[in-house]
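What follows is one structure encoded as structure tokens, with my remarks underneath.
The values are calculated or read from the model by the stated rules, or taken from the named source; none is laboratory data. Worth saying up front: this structure is predicted, and the values here are computed from it rather than measured. When we count neighbours, we look across all protein chains shown, and the Cβ atoms used for this are built from the backbone with ideal geometry, even at glycine.
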Amino acid sequence: MITDKHVPAEPDDFIGRERDIEEIGQLLDAVRLLTLCGPGGIGKTRLALRVAHTSAMASAWFVELAGVSPAGPGEGGAETVESVADGVVRRIAQVVGVAEEPEQDLVEALLATLSGRSGLLVLDTCEHLVEDCAELARRLLAACHRIRILTTSREPLRIPGENVWRVPPLEIPEPGQEAADAEAVRLFAARAGAARPGFVLDEAALPAVADVCRMLDGVPLALELAAARMRVLSVRQLSARLVDRFGLLSAGDRTAPSRQRTLRAAVDWSHDLLGEPERILLRRLSVFAGWTIDPAERVCADALLPAATVLDALTALVDKSLVVVEREVAGQVRFRLLNSIRQYAAERLAEAGEERALRTRHRDWTLERAEATAQTIFGYRPAAWAEKVRLMRSHEADHDNTRAALAWSAEHGDLAEGLRLCTVLRMHGVARGEFTEWIGWTRRFLDLAEDAQVPPDVAGAAAVALGEMGLESRAPELTESAVIQGLELHRMAGAEGRPARGLHLAALAAMRAGRRERAALLLAEAAEAARDDPWTTALIVYSRAVLRSEEGAGREARRLAEKGILLMQALDQQWGVARGHIILGTFARARGDHDSAFDHFTRALPPLREVGALPDLARSLGGLGRAALLLGDPATARTALLESLDLSTTMGLRLGIARGLESLAELHAAEGDARRAVLLCGAAAGLRGALGKGPAHGARLESLLEPIRRSLGEPAVARLWGEGRGLDQDGALALAVGEGRARPPVPTPRDARHDTGGHALPVPRRPGQSSALTRREREIARLVARGLGNRSIAEELVISPATVARHITNILTKLGFSSRSQVAAWAVDNETGET
């Protein structure tokens, strides 16, 4: 316990950061200088105050430096010991109790006093005095061996022996987490209750409070200021008004330092300490929704800010806690601005008259990069599969930048650029199964383009992309109208606008409508138009395979599918190869060769997981589950079918959900749960009916229900069927999963006995093999086994809790587990000692 305490009282209850306090305490046992770094309002001062109160050291002194003016240079421009003593030393001496006497060197007196003491010296708010504080800390460490120094600053002191601890925002609610337990929610609820007695964080208020906490990034000052507004606003009104957060969050504690009374004052304080290059870069970075160093240099540099200076300025902004280092994606470190900092910087950008130029440059960079990525992904530019995977992951990380570029293009009438972006967005929509938003953007730009001078080939390509997303999302009317529009626009563009993709989509639409002769003619025309388009050529070959299979020519259909796989392999396009294996797996299942079906669907999984091609992954898992069930492997079937159902649910693919329910009904029937099987069949029929679709295949359904009718009786089956039809989607999904039923290990692939064209294809590892996980995932699994939560893992690995959550989701998916305890047990059993 502290026996000589010179620490101000805490103004109110300290909430959250239990793990932070524990870790800082452990660090101070091991190091002598620790700097708490972070942006304004992140809670550095309050955290340091709490650490000082809970410190077990013999003495503690808390020195507030915010009111100390920076010391000037000594004679000749050099910093002198006297200049340091003019400000910082005098304030420390007052707190420690060192009297200032004439003709006395106050620094030497302070060093003499503390040299025989043991204790914690806290220097709060050092950023505006960073050089003075660094010099004094260096001398204290050299002369006072039992003194520990804790500083708070928006940038490090940068002296030998310093350890920097980045103060994170408070924990905000993550998906799957109980929102009321998050630190930010707890703080807001406590301060709101103080502002408006009677405020209760009930189930009705919790979602809006969680939204407020996310909008404010878990920044304590912003949360405190927002909670103060609860005196006159409901939490929903508060959430709606946070668009203008700097105007709203301006009613702080009058007794607080001026820089902490409003959110704007907190950010102004940091901004005023920046050099001119840093100010220029900060405001220009506001156009990004996350970035890497390359686009920062491309978009933000000009005569005022040469490209060669951007890296140094960005490093300074990171050091001064205004830019957040997020994570590494596809081999590149990503950065972002907290929401409040970004809004502030955007206002500065507008004030500087640079908004239009910078947002246009940002849009042009986004478009150029997206088009180059699409060219590489689809084989128009040669690249290895690993490079294609890297580009797709990087593109995924920049979706918010794409949204911003689309919004800017629509707002300023840059329709050709917007349509070109919409065209390449099909890559993301088809891969991820996220159609609704991108369909909306494409329709919006096409509508605007009707009365504008837009090149017809540009609008035609976007219309075809819209048709492709309509086809994938099972919207035949949209597909037909968009393809017709695209073909007409391409014809208007002349001979160079030959629309191979549009013709192929028209053929697919005809196939789905049962017009096989029309489909064959369109496929022949598309193949002619796609002679210089290897990706589309391979897709056309796949479509011909499906058409020939429907016509009863099974052997020719298999030969065509194998040819398509060879074409995709020539492009090193493993996503395309996986699509071929899904087709071959479907053919094998139809002819009753369930071993081959299992192998083909298994082969498709690794590349689909690599690029996150979720609709194809759901199809492949569904096929794998059906094959496993028919091979008498219900454990593997359950794992694959449940994951397929999860993916269909996430993407909102209701027909996929209906098919998943039907397959799980067969699984439950095979396991003897007749009641659940009939309920699921009824639920699937209800979902199909709501979609205007017919019932599942009659023979398959009858083979399932007939033995159940014999055991339960027709009346019972009819009653259960009707009960199932009355279930909503959530009820049907809960019934399918089953309460308390843990998922078994992931499916063990059978030996990959054959390969089209003699090339080895990737096969998933057996369960329990650590190589099924990435190196980072194995590392996280070991930390889970140590009992660490997401926040603690994030701190240990210097990544965000959200990133940890995503990794753990991947681990659960890959290992087929449903709980962290299963991951922990697996990690113990498979410990390899890898680092």
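Quick look at the values:
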read-out	value
When residues of the stretch 382-397 are limited to those that are at pLDDT below 90 and of a type in the set (D, E, K, R), the one farthest from the chain's Cα centre (by Cα)	Arg393
Residue match in the stretch 142-152 (condition: in the same structural domain as Val88 (by TED's automatic domain parsing) and within 20 Å of Ser270 (Cβ to Cβ))	yes
Residue within the stretch 415-430 that is closer than 23 Å to Gly652 by Cβ, outside any helix (DSSP H, G or I), touching a residue at least 60 places away in the same chain (Cβ under 8 Å) and in contact with a helix residue (DSSP H, G or I) (Cβ under 6 Å, 6 or more places away or on another chain) present	no
Meets criteria (acidic (Asp, Glu), under 20 Å from Leu621 (Cα atoms) and assigned to a helix (DSSP H, G or I)) for Glu702	no
Number of the exception - His490 against (1) surrounded by 20 or more Cβ atoms within 10 Å (Cβ to Cβ); (2) modelled with pLDDT of 90 or more; (3) more than 30 Å from Arg609 (Cβ to Cβ)	(2)
Residue under evaluation Pro197, criteria (1) part of a loop (DSSP other than H, G, I, E, B); (2) within 34 Å of the chain's Cα centre (by Cα); (3) more than 30 Å from Val68 (Cβ to Cβ), criterion not met	(2)
Filter pass, Asp319 being among the charged types (D, E, K, R), over 30 Å from Val458 (Cα atoms) and surrounded by fewer than 20 Cβ atoms within 10 Å (Cβ to Cβ)	yes
Residue in the stretch 88-99 that is modelled with pLDDT under 80 and surrounded by fewer than 16 Cβ atoms within 10 Å (Cβ to Cβ) present	yes
Which numbered condition Glu171 misses (of (1) buried (at least 19 other Cβ atoms within 10 Å of the Cβ); (2) assigned by TED's automatic domain parsing to the domain that holds Gly119; (3) in a loop (DSSP other than H, G, I, E, B))	(2)
